[in-house]
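Presented below is the structure to which this report refers.
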Amino acid sequence: MRFLILLSVGFWLSITGVLAQQKKHTISGNIKAGKTGEDLIGAVIMVKGTSEGAVTNEYGFFSLTLPEGSYTLVISYLGFGKIEKEVQLTENVRLPFEMEEESEDIEVIVTGEREDKNVTDTKMSAQTLTAEQIKKLPALFGEVDVIKNIQTLPGVAIAGEGNTGLYVRGGGSDQNLILIDEAPVFNASHLLGIFSVFNSDALKSAELYKAGIPAQYGGRLSSLLDIRTRDGNMKKYSATGGIGLISSRLTLEGPIQKDKSSFLISGRRTYADLFLKLSPDEKTRNNQLYFYDVNAKLNFKLNDNNRIFFAGYFGRDLFKFQDNFKMGWGNGTGTFRWNHIFNDKVFSNTTLIYSSFKYSQDINFGGVQAFNYSTGLAETTLKQDFSYYPSTKHDVTFGIAGSYRNYKPGTFKPTTDNSIFKETKLADYNSIEGALYLSDKYKINHRITVEVGLRYVLFATVGPGTVYTYNGEIKKENIRDTVQYSSFQNVQTHGGLEPRLSGRYLINDQSSIKVSYNRNYQYIHLISNALSPLPFNMWVPSNQYFKPAIADQVAAGYFRNFKENKWEASAEIYYKNMTNVLDYIDNADLLLNPQIETQVKSGRAWSYGLELFLKKKTGKTTGWVSYTWSKTQRQIPGINNGETYYASYDRRHNFNLVVLHEFSDRYSLSANFVYGTGRPVGLPGARFEYDGYVGAVYPARNSVRLKAYNRMDISFTITPRKNKTRKWKGSWNFSIYNVYASKNPWTVLTTTNKDTGNQELTMIYFPAPIPSVTYNFTF
Amino acid sequence: MKNSITLVFVIMTVIVTASCTKVIDMNLKDVPVKTVIQAEILTDSFALVRVTKTAPYLENSPTPIITNAFIVISDDLGAKDTLDHIGDGYYKGDIIVGNTARVYNLSVDADGKVYTATTTIPTGVSFVITGRNYVSATEANRFHKEGYYPTIKTTLPPGDSYYLFKYYKNDSLYVPEGAEDDIFISDSKFIGTEIDGYETPYEYQLGDVARIDIYRITKEGYNFYNELSAQLNNDGGFFSTPPANTSTNFSNGAVGVFLGASRETESLTIVP
């Protein structure tokens, strides 16, 4: 650790040293898409004839410091064509305005990344998906989904059919930091995990980090999924949308004041239940099953140096069966952001974030058995991030963040006067967290670039709250006492340093080697024993009993591009060790249990694997192939007799093939094929008879594997010819999920045959094939 | 109680996947054969024990019964009662009668191993059947069928208590079709003291004699039945906790529980 700190200090010294030597000036500015005014993330600014250059940040800002002289800048962005710009550098220059003029006549597609980013970037184990790419893939029920796209990438495993849980490099579905405009999303699923909460129309980009998570982010062990929504068109009003079989979407956007401010509002709702309203039966009409979500963004350019954004997301799911059951859940997030350019070298981003998740369920049988059950949590964070570009050799980011979380583990209350239930409320948990980070991307020479980052988090669970103490083993029978804590009284503090290191060695223009080491801490724990991302799961903070989970990951890879960057390929290996990972005792009682620590054990998990990826980026036919070999195991004292067992999402082989082909302007086809080793499950080895029932005896945990998973989806898009002359542009998308009706086990149950009385195994699978049609439009 | 919260997901599973099920064949892991002991001592009754063995899960054969076990129940006053085999693996005592004031020890010597367990009998909770609710054809749905539902009134004792319910129709155990895996148990965790109007889970028709048995059981007994219920109604761990082995109060690795319980019975003839 000392070494790291010295290394960082060394960089700072070298920065100041460089500055003193020569007279230098800075070119800075924003790069935007000409037609929409949308900031371009990751556009590349190169100095012609040299290897010097810069890349725009998440807000389209770049800064490039060069010695006095004249230069030709080459600005490139996939789908935009190159722009060349002569610059006489005798003083600091701001270039945003010119860039917009230049790009006016270029076809605007907000895709974008450096053509040879795969090879040249220090980032490894990272994948970017743009809105355009996301929309091209076949979709389940016609609903394009970013999470489903991410599941086709190497190193990402799925739990089962139609499940939006992400299992990244042996990590659980609660180990992903999923951000929408920097606000964390605690449960990213709709309809019990069949869809994700992200409406593809509102998205600008999604970036997944499986390793090499920037020091700016932390709090989860296994991945960062950074989702950004579009800012809204600053030039003109437009609408996009789609009408599908089960849902429709509409996005409106445009300038509030041209070139200065814009808005975007995007909504989506499923309407399967609206058909129920047509039913002649009153009871059927009284059923409900839907979700909706709304994304909204306001974007104001106050002047050349100041911009502010407001972004919000709100989504709800509702399922109601007559008057007997009702459940609803959803996330709400809000982000306020202020971008400020202090000077040509220092870019600042101040962010205030709020995120909450709520779940509520009502059951009512004749008023006697009537109750409401609710859980939730909320987080407020204030962050200050700086980007500092002292020279072409260094990109420095640093910042500070503080957050407060309130966790409501569960309230249970009767909802009628004659209900047999009584109110039961678990005490809230509260936590505060402070984070500091510093990171420098140091270009040592044209071959070697290293990124050295360090993050420090201090996490405290605070009152008000109740903590149980135990004599000896943490069991309910051993409760010694309860301790009450008052507001903001410290219950337990945890903290630690998280080094993040990565390096790239450029072998030649087409190939490079990258290595990385990462340490991540996770201070909040999802108490869930089910594979599906259930909405009633609760989160608890690290305290006396739940130690922060720690992941150490090393990864190395070889990256190679072919045929002028048309093809990119990579091979990566990783090893990840996780400590203080939670698992649950047999028959754990996790619902409304005030001594939840008695149901949980912690121990070690580890995962290692090989990931191969080949992608064709341009041409009539594009797509990718990914293959992952991995192994994920756990060893937790008190679970499975302390013996090693496979994680329930462990799959040895995972193969994905995605192909997109454009036959002409009018017709395009996409297809994907998925194959994965069956996941391990717990099925009994023996049965016993008891009081007229048939019980089961289970061998070791997750000891049997389901059969391999495989599926192919296709999607066909027709764009009518008349689009060219009209403002209204429409297209039809036809897709078929699971074309050849592969019966993939969603889950396997032990059942009794009604006729013979014998025990048997029953597989439940999704109906297939599932065709869907969507009409998409923009005007 | 736990069950009614997760019930929604079971229903969702059923709705989402209604038509798509298929019986499959898989190679299951073998587990060593275990002795299974179903043992109970009820108030005002002799001890009743059944001893069987586990069998491979998918094998289509009855589970083997043990007819030569040596079983002794004793209490904390020194009384002893050796149980006699009465057929089909069942053993019955003829001296010790269940009493809430005693502590009972059971010793089962079967297949060369001795299994022991201890239990008490919690004091019973009396109840009355106050009447019946009628659900008409128009009000009925798949969870609340047309018919008559007897209602219960009782007062729960203070502190944690545990219950097992059995329903009879015309003197035989009432198991409607599709309800073979239903086990009705409850703890007092979320329940208030006064209970009035609690309905039977199944409907009765005119002329039926509805009988309700409420067993107040021990915590160990509740845990066992709760875990057995989780096994029977599991969804493979997709929405609910993955099924696991049942817990036991027997030593030496037997499956089953030595249950101490007080039973209260009430009946109602359904009339218009």
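Just so you know, all these numbers are worked out from the coordinates, no wet-lab data involved. Everything numeric here is computed off the predicted structure, so don't read it as measured data. Using ideal geometry, Cβ is built from the backbone for each residue, glycine included, and neighbour counts are taken over all protein chains shown.
Side notes on the structure shown:
- Close amide H pairs (under 5 Å, H built 1.01 Å from N) link residue A:539 with A:527, residues at least 5 positions away or on another chain.
- Cβ-derived FRET efficiency at R0 22 Å, residue A:778 paired with residue A:271, nearest 0.05: 0.55
- Cut-off 11 Å (backbone N to label point 7 Å along Cα→Cβ of residue B:130), residues of region B:142-161: B:151-155
- Helices in chain B, meaning DSSP H runs of at least 4 residues, each add -39500 (n - 2.57). Divided by all residues, the mean residue ellipticity at 222 nm is -3500 deg cm²/dmol.
- Student exercise, region A:502-593 dipole from Lys, Arg, Asp, Glu Cβ charges, in Debye to nearest 20: 400
- Of A:92, A:225, A:511, farthest towards positive along the dipole that unit charges on Lys, Arg, Asp, Glu beta carbons give chain A: A:511
- GNM result for chain B, Cα springs below 10 Å: residue of B:137, B:101, B:230 fluctuating most strongly: B:137
- Label point distance in nm, residue A:505-residue A:641, each placed 7 Å from Cα along Cα→Cβ: 4.7
- Helix-only arithmetic for chain A: the sum of -39500 (n - 2.57) across DSSP H runs with n ≥ 4, divided by the residue total, places the mean residue ellipticity at 222 nm at -1500 deg cm²/dmol.
- Rg(Cα) / (2.2 N^0.38 Å) computed for region A:638-779, rounded to two decimals: 1.59
- Förster radius 60 Å - calculated FRET efficiency between residue A:517 and residue B:101 (Cβ-Cβ, nearest 0.05): 0.35
- Placing dummy labels 7 Å off each Cα toward the beta-carbon, the span from residue A:51 to residue A:447 is 0.8 nm.
- For residue B:263, net neighbour charge (Lys/Arg +1, Asp/Glu -1) across residues whose Cβ lies under 15 Å away: -3
- Per-residue HN-Hα couplings for region A:361-373 [Karplus 6.51, -1.76, 1.60; θ = phi - 60°; Hz; x = Gly/Pro]: 9, 10, 10, 8, 10, x, x, 7, 9, 10, 8, 10, 10
- Euclidean distance between Cα centres, region A:474-515 to region A:305-351, Å: 25
- Here the extension length gained between residue A:306 and residue A:88 equals 75.9 nm, from 0.36 nm per residue of separation less the Cα-Cα distance.
- Distance in nm between pseudo-label sites at residue A:573 and residue A:760 (7 Å out along the Cβ direction from Cα): 4.7
- The alpha-carbon of residue A:475 sits under 20 angstrom from the alpha-carbons of these aspartates and glutamates, leaving out residues fewer than 8 places away in its chain: A:583, A:586, A:589, A:597, B:160, B:187, B:220, B:227.
- Region A:424-557 - Kirkwood radius from inverse mean 1/r over Cα pairs (Å): 18.2
- Cross-linked pairs B:34/B:189; A:258/A:358; A:204/A:301; A:297/A:408; A:210/A:441; A:383/A:631: Cα-Cα separations exceed 27 Å for B:34/B:189; A:258/A:358; A:297/A:408; A:383/A:631.
- Evaluating 6.51 cos²θ - 1.76 cosθ + 1.60 at θ = phi - 60° for every residue in region A:544-552, the Karplus couplings come out as 4, 9, 9, 6, x, 7, 10, 10, 10 Hz, glycine and proline recorded as x.
- Translational D in µm²/s for region A:129-216 (Stokes-Einstein at 10 °C, 1.306 mPa s, Kirkwood Rh from C-alpha pairs): 118
- Coordinate range of the alpha-carbon atoms in chain A per principal axis, descending: 91, 65, 48 Å.
- Set of aspartates and glutamates near residue B:169 by C-alpha distance (under 19 Å), chain-local residues within fewer than 8 positions excluded: A:691, B:146, B:177, B:180, B:181, B:182, B:199, B:203, B:208, B:213, B:264, B:266
- Cross-link reach list, aspartates and glutamates versus residue A:117, counting only Cα pairs under 13 Å and skipping chain neighbours closer than eight places: A:509, A:564, A:568
- If you take all other residues with their beta carbon under 12 Å from the beta carbon of residue B:89, and give Lys and Arg +1 and Asp and Glu -1, the sum is +1.
- Ascending count of other beta-carbon atoms within 10 Å, so fewest first, for A:236, B:92: A:236, B:92
- Cut-off 11 Å between beta-carbons: net charge of the residues surrounding residue A:395, Lys and Arg +1, Asp and Glu -1: +2
- Taking amide H atoms as placed 1.01 Å from N in the peptide plane, the amide H of residue A:392 lies under 5 Å from those of A:65, each 5 or more residues away in sequence or on another chain.
- Size of charge dipole - chain A - debye, nearest 20, with Cβ of Lys, Arg +1 and Asp, Glu -1, no other charges: 960
- Built amide H within the under 5 Å cut-off of residue A:229, gap 5+: A:181, A:204
- Projecting the Cα positions of B:108, B:41, B:90 onto the charge dipole of region B:31-121 (unit charges on Cβ atoms of Lys, Arg, Asp and Glu, taken about the Cα centre) puts B:108 furthest along the positive direction.
- Too-long pairs where the Cα-Cα distance tops 23 Å, listed order kept, from A:82/A:345; A:235/A:727; A:123/A:547: A:82/A:345; A:123/A:547
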